[in-house]
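What follows is a short report on a single structure.
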């Protein structure tokens, strides 16, 4: 027997799709072969899209997921204010559907695995299609829903943080909670729904981070709504979700501020958590005495997404980048100078004209002309490497005076400065255990240091692409996809996970330094 724990939505106009005037926008289904591509996805997954008549350039994208027992059509009728703002401000609405299913699957291993072939993967494919088809803005992708749609929302924020900028969930559960005693036939978790699944904030955060352990980019901001007398999805899940997202977003367990809000006939106790920039990134609305089927606070959701007014930037990312966004600081394969770091080399190598290029900014501000040796790691002002052992040169290597380090004279490999023959340990600013300095300088695994002056974006705020040109701390943009500054202008921190990149990331960085041509794709700022 199916359990239909859906939203009570009134009124829903089911004639919206047939009574539209000529040329007016309407919800339309997208052919599965078009959006799904070659991905192995659930056979029941369907994509509907609402594209306004006046579409913005590089439009924002909003995913709105329905509740248990509902449909894309029912969800379309429940979000009238969102549709009106789409018409006014030109953003796109995606409405996923799962006919024949009771609820969304957010509890299976497939659903909680990045591109694992579950329902979350299907929605991610819809977003990717829309970004390409409509030249959507990858920095402004949002998701919201109620009940099962809220569970999908929190799951997507955990499984696909690189796709979503923010999400709003009404009467949902934390990402990963639905896996407890998951009933695949009904897409239901009795223990989670009943509020008996409890973890520490650290355990919740570790669960989310384990989904994609190499990810260190921007984490989406989260808005939560829940009726305190909800008997379908226990209100205890609100507290568990707060623990999860405060840990993932690296926030205090105590809110920055609180207030009482009266809206749509409800009274809410609202708690807000701000990030280092003073921007609210976790926003929790609790409704005393209210049950499960509450209407959407669409005005507040749209404001949280920054879609209540016309614009071309996400409000959090704009606040976080301050005056030094990618447009002003710039990050190119050979550029990316900083206004706050040390001087670049006077003539040096790939990226080294003074003030105009340069490599990675180390913790003490020095920058090599070749792109990646810090002054703490033994680099001279002109880009050469010191011979005192701190920079990792072997006794046979020699040091050029202008920054380039020929591979033929002691650059890489066992003959050029292993830890036992002249290189110092990574923690002190020298080379890695493979030793030596690579031919183009500054590779993480072949000479660059991570903790004190090499190339780590989470530590220094710089990365290198194709031989120098990491983004500066003031510019707020990375030259390598998937990395971003940890320090924004005006001392405002753009949050990254505090976890070192894995081997794959280090390998990609080394390849870039050795001159491998990598096709660059536009990525949103990791703020």
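The values are calculated or read from the model by the stated rules, or taken from the named source; none is laboratory data. Keep in mind that what you see is a predicted model, and the values were worked out from it rather than measured. In this analysis, Cβ positions are derived from the backbone assuming ideal geometry, glycine residues included, and neighbour counts consider all displayed protein chains.
Write out, first by first residue and then by second, each pair whose Cβ atoms fall under 6 Å of each other, whose residues are 6+ apart or on separate chains, and whose first residue, in the range 30-50, is touching a residue at least 12 places away in the same chain (Cβ under 8 Å) while the second is assigned to a loop (DSSP other than H, G, I, E, B) and surrounded by 20 or more Cβ atoms within 10 Å (Cβ to Cβ).
As it stands, the answer is 44/98, since those pairs meet every condition given.
How about the range 65-77: which of its residues are over 23 Å from residue 186 (Cβ atoms) and buried (at least 24 other Cβ atoms within 10 Å of the Cβ)?
Keep residues of the range 65-77 that are over 23 Å from residue 186 (Cβ atoms), which gives 76-77.
Hit for the range 65-77 is 76, nothing else.
Can you tell me which residue in the range 218-228 is nearest to residue 103 (Cα to Cα), limited to those that are within 27 Å of the chain's Cα centre (by Cα) and part of a loop (DSSP other than H, G, I, E, B)? Please lay out each step first, then the result.
Step one: list which residues in the range 218-228 are within 27 Å of the chain's Cα centre (by Cα), which gives 218-226.
Pick out the ones that are also part of a loop (DSSP other than H, G, I, E, B) and you get 218-220.
Working: 218: 29, 219: 26, 220: 24 Å.
If we take residues in the range 218-228 being within 27 Å of the chain's Cα centre (by Cα) and part of a loop (DSSP other than H, G, I, E, B), then 220 is nearest to residue 103 (Cα to Cα).
Just checking: which of the helices (runs of 4 or more DSSP H) contained wholly in the range 66-173 hold 3 or more residues that are under 17 Å from the mean Cα position of the chain (by Cα)? So that I can check it myself, show each step before the final result.
On the way: elements: 72-78, 80-89, 119-133, 148-159.
Fully inside the range 66-173 and qualifying: 119-133, 148-159.
Looking at (1) surrounded by fewer than 24 Cβ atoms within 10 Å (Cβ to Cβ); (2) in contact with a strand residue (DSSP E or B) (Cβ under 9 Å, 6 or more places away or on another chain), which is the one condition that is false for residue 224?
The failed condition is (1).
Does at least one position in the range 51-60 carry a residue that is under 26 Å from residue 88 (Cβ atoms), in contact (Cβ under 8 Å) with a residue 12 or more places away in the chain and buried (at least 22 other Cβ atoms within 10 Å of the Cβ)? Write out each step before concluding.
Start the filter on the range 51-60 by keeping residues that are under 26 Å from residue 88 (Cβ atoms), which leaves 51-60.
With in contact (Cβ under 8 Å) with a residue 12 or more places away in the chain added as a condition, the list becomes 51-60.
Still in the list and also buried (at least 22 other Cβ atoms within 10 Å of the Cβ): 59-60.
Yes, because at least one residue in the range 51-60 is under 26 Å from residue 88 (Cβ atoms), in contact (Cβ under 8 Å) with a residue 12 or more places away in the chain and buried (at least 22 other Cβ atoms within 10 Å of the Cβ).
Which members of the range 274-288 meet the condition of being surrounded by fewer than 23 Cβ atoms within 10 Å (Cβ to Cβ) and farther than 13 Å from residue 225 by Cα?
274, 276, 277, 278, 279, 280
Which residues, taken from the range 229-255, are part of a loop (DSSP other than H, G, I, E, B), touching a helix residue (DSSP H, G or I) at 6+ places or on another chain (Cβ under 8 Å) and either in contact (Cβ under 8 Å) with a residue 60 or more places away in the chain or under 23 Å from residue 120 (Cβ atoms) (or both)?
Let us first name the residues in the range 229-255 that are part of a loop (DSSP other than H, G, I, E, B), namely 229-235, 249-255.
Next, only the ones that are touching a helix residue (DSSP H, G or I) at 6+ places or on another chain (Cβ under 8 Å) stay: 232-234, 251-253.
Within the range 229-255, 232, 233, 234 qualify.
Residues of the range 174-217 being under 22 Å from the mean Cα position of the chain (by Cα), over 26 Å from residue 60 (Cα atoms) and not in a helix (DSSP H, G or I), which ones?
176, 213, 214
Taking residue 129 and the conditions (1) in contact (Cβ under 8 Å) with a residue 60 or more places away in the chain; (2) crowded, with 24+ Cβ neighbours inside 10 Å; (3) touching a strand residue (DSSP E or B) at 6+ places or on another chain (Cβ under 9 Å), which numbered condition does it fall short on, given that it satisfies the others?
Of (1) in contact (Cβ under 8 Å) with a residue 60 or more places away in the chain; (2) crowded, with 24+ Cβ neighbours inside 10 Å; (3) touching a strand residue (DSSP E or B) at 6+ places or on another chain (Cβ under 9 Å), only one is false for residue 129: (2).
So which pairs qualify, if the first residue must be in the range 195-216 and closer than 22 Å to residue 254 by Cα, the second must be modelled with pLDDT under 95 and crowded, with 20+ Cβ neighbours inside 10 Å, the Cβ gap must be under 9 Å, and the two must be at least 6 apart or on different chains?
209/497
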